[in-house]
1. Given 0.36 nm per residue, what is the gain on full extension from residue 224 to residue 58 after removing their alpha carbon distance, in nm?
2. Share of antiparallel DSSP beta bridges in region 86-297, in percent to the nearest 5?
3. Quick one: Karplus J couplings for region 50-60, per residue in order, coefficients 6.51, -1.76, 1.60, θ = phi - 60°, nearest Hz, x for Gly and Pro?
4. Lys/Arg Cβ at +1, Asp/Glu Cβ at -1, dipole of the chain taken about the Cα centre: which of 268, 4, 241 is farthest positive-ward?
5. Any chance you could give the angle, 0 to 90 degrees and rounded to 10, that helix 153-173 forms with the longest Cα principal axis of the chain?
6. In nm, to one decimal, how far is the residue 50 label point from the residue 209 one, both placed 7 Å along Cα→Cβ?
7. Once the Cα gyration tensor of region 48-192 is diagonalised, what are the square roots of 5 times its eigenvalues, in whole Å and ordered largest first, as equivalent ellipsoid semi-axes?
8. Report the extension gain between residue 69 and residue 133 in nm, rounded to one decimal, defined as 0.36 nm multiplied by the number of residues separating them, less their alpha carbon distance.
Amino acid sequence: MDGATLTGSTFTLTTGAAATPVQGTVIYGNSKAYFTPSTPLASNSSFTATISTGAKSTMGMALAAKLTWTFTTGTTVAAAAPVSLGTAGTYVILAKTGISTVPTSAITGNLGVSPAAASYITGFSLIADSTNVFSTSPQVTGKVYAADYAVPTPTNLTTAVSDMGTAFTDAAGRAPSVAELGAGNIGGMTLAPGVYKWGTSLLIPTDVTLSGSATDVWIFQIAQNLTVSSAARILLTGGALPKNVFWQVSGLVDVGTTAHCEGVVLSQTAVTLHTGATINGRLLAQTAVSLDGNTVVQPAQ
């Protein structure tokens, strides 16, 4: 399908005999369209989803007739689904404009930059592979990819960057279960699974614990910046996994000296890790990632 034609006007949801519209957002990625309601759907209620003939294929062909289906919600709250990263999940660090390091960092997983060229990956002493599809680095246990490498790397990176944007939109569109916790300061707290939303910046000055099981999901929606103070740690207990923790940040991400983070960082701007900071997760930035003697390890799947 042509993703540009799958919008809030062509993909709609209504409820009840009066067909009351349900407010929400529509995103398209990984060959799927997703409708995320602005607030959780009422339990034990009937809903009707409709895709109109305004939806078209990539060749510009409209649906011959509108597609409609109904469903009824249950009476229990299901666990939140993880944010799908698509092919962006094949990288531990993915950025659009560059990745830099002050040696020596230790990175486990693949690096990628696009549309920037390999010259914008600095401090890694890159060694080009004979195929020119990727390069390697003494600081990276994995491969390094850039937009100016040989095919199929440019196309793969374009898709991954697109998937990164889709994941950001997905995470931002989830209905929050908690808003403005701690007035933007959650130092010392233990947080249950859920979707947490702040209309301002978020500060983590001291250790924060995420307590839950291996299937639980945390999504943190931050309208401005995320700052993790020096030596502060994000801790996981009860079997919680970093692959199920998502930090959706519309501003800058700044992780202080020797701080430790867990989870997938989805930043609309830049990510900076200061000296000795570590993360068990992924850094997916829509501008640049800056490292300074850091350890970055991709989470187990």
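1. Taking residue 224 through residue 58 to full extension adds about 56.2 nm, to one decimal.
2. So the antiparallel bridges in region 86-297 amount to around 5 percent.
3. So the Karplus estimates, Gly and Pro as x, are 9, 10, 7, 6, x, 6, 10, 7, 5, 8, x Hz.
4. Looking along the dipole axis, the top candidate is 4.
5. 60
6. Taking the two extended label points, one gets 5.1 nm.
7. With the √(5λ) rule applied to region 48-192, the semi-axes are 37, 27, 12 Å.
8. Taking 0.36 nm per residue and subtracting the Cα distance, the gain is 18.5 nm.
Here, each number is a calculation from the coordinates, and none is a lab measurement. This is a predicted model, so every value here is computed, not measured. Cβ atoms come from the backbone with ideal geometry, glycine included; neighbour counts cover every protein chain shown.
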